[in-house]
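The values are calculated or read from the model by the stated rules, or taken from the named source; none is laboratory data. Bear in mind that the values here come from a model prediction, so they are computed numbers and not experimental data. Heads up, the Cβs are rebuilt from the backbone with ideal geometry, glycines too, and the neighbour counts pull from every protein chain shown. Just so you know, the surface numbers come from the protein's heavy atoms only, side chains and all, with ligands and any DNA or RNA stripped out. Shrake-Rupley method; radii C 1.70, N 1.55, O 1.52, S 1.80 Å.
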Amino acid sequence: MKRIFFSSSSEVYGEPTELPQNEHTTPLNSRIPYAIVKNAGEAYLRSFKKEYNLDFTIFRFFNTYGSKQSVDFVMSLFISLALRNQDIAIYGDGMQKRTFCCY
């Protein structure tokens, strides 16, 4: 059996309508072009499943970082501050947890 694996993005969710977000109830409401293209790719997969019974898995990556990441994203900021031996600001109570995915 063939299966397609599609690399999507958490950006497809746009602005949350509820917290915490739930993938089954959060609308895919993003308006940025990158997310719209990812939504279109997901829609193609759903239509191919319906029309040709083609199985698929969608990965919606959150918190990715890598060598070509924008310098104003969190990991780039943290690394830049650490390399300059500067304090890294943590907002909230410091008990938050995030998982990052390197590409």
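Can you compute the helix-only [θ] at 222 nm over the chain? Use -39500 (n - 2.57) per DSSP H run of at least 4 residues, normalise by all residues, nearest 500 deg cm²/dmol.
Here the helix-only value at 222 nm equals -9500 deg cm²/dmol.
Using modelled backbone amide H atoms (1.01 Å from N, in-plane), which distant-in-sequence or interchain residues come within less than 5 Å of THR64's amide H?
CYS101
Number of Lys-Lys pairs in the chain under 30 Å by Cα, sequence gap 8 or more or different chains?
8
Let's see if you can work this out: charge +1 on each Lys and Arg Cβ, -1 on each Asp and Glu Cβ, no other charges. What is the dipole magnitude of the chain about its Cα centre, in debye to the nearest 20?
In debye, rounded to 20, the chain gives about 420.
How much of the accessible area of the chain, in percent, comes from carbon and sulfur atoms when a 1.4 Å probe is used? Can you show the working numbers first?
Working: 4980 of 8500 Å².
Here carbon and sulfur together make up 59 percent of the probe-accessible area.
Once amide H atoms are placed 1.01 Å from N in the peptide plane, what residues at a sequence separation of 5 or more from PHE56, or on another chain, have their amide H within under 5 Å of its amide H?
Hits under the 5 Å cutoff: ILE4.
Hey, any idea what the orientation-averaged projected area of the convex hull of the chain's Cα atoms comes to, in nm²?
Its average projected convex-hull area is 9.0 nm².
Can you list the HN-Hα couplings for the range 50-61, worked out from phi with the Karplus curve (6.51, -1.76, 1.60; θ = phi - 60°), rounded to whole Hz and with x for Gly and Pro?
Computed from phi, the couplings for the range 50-61 are 5, 7, 10, 6, 7, 6, 8, 10, 10, 9, 9, 6 Hz.
Each residue of the range 63-71 in turn: what ³J(HN,Hα) in whole Hz from Karplus with 6.51, -1.76, 1.60 and θ = phi - 60°, glycine and Pro shown as x?
Per residue, the Karplus-derived 3J(HN,Hα) values read 6, 8, 8, x, 5, 9, 5, 4, 5 Hz.
Express in nm, to one decimal, how much length is gained between GLN69 and ILE90 on full extension, taking 0.36 nm for each residue of separation and deducting their alpha carbon distance.
Contour length minus the Cα-Cα distance gives 5.5 nm.
What's the angle, to the nearest 10 degrees (0 to 90), between helix 74-83's Cα axis and the longest principal axis of the chain?
Its long axis makes an angle of about 30 degrees.
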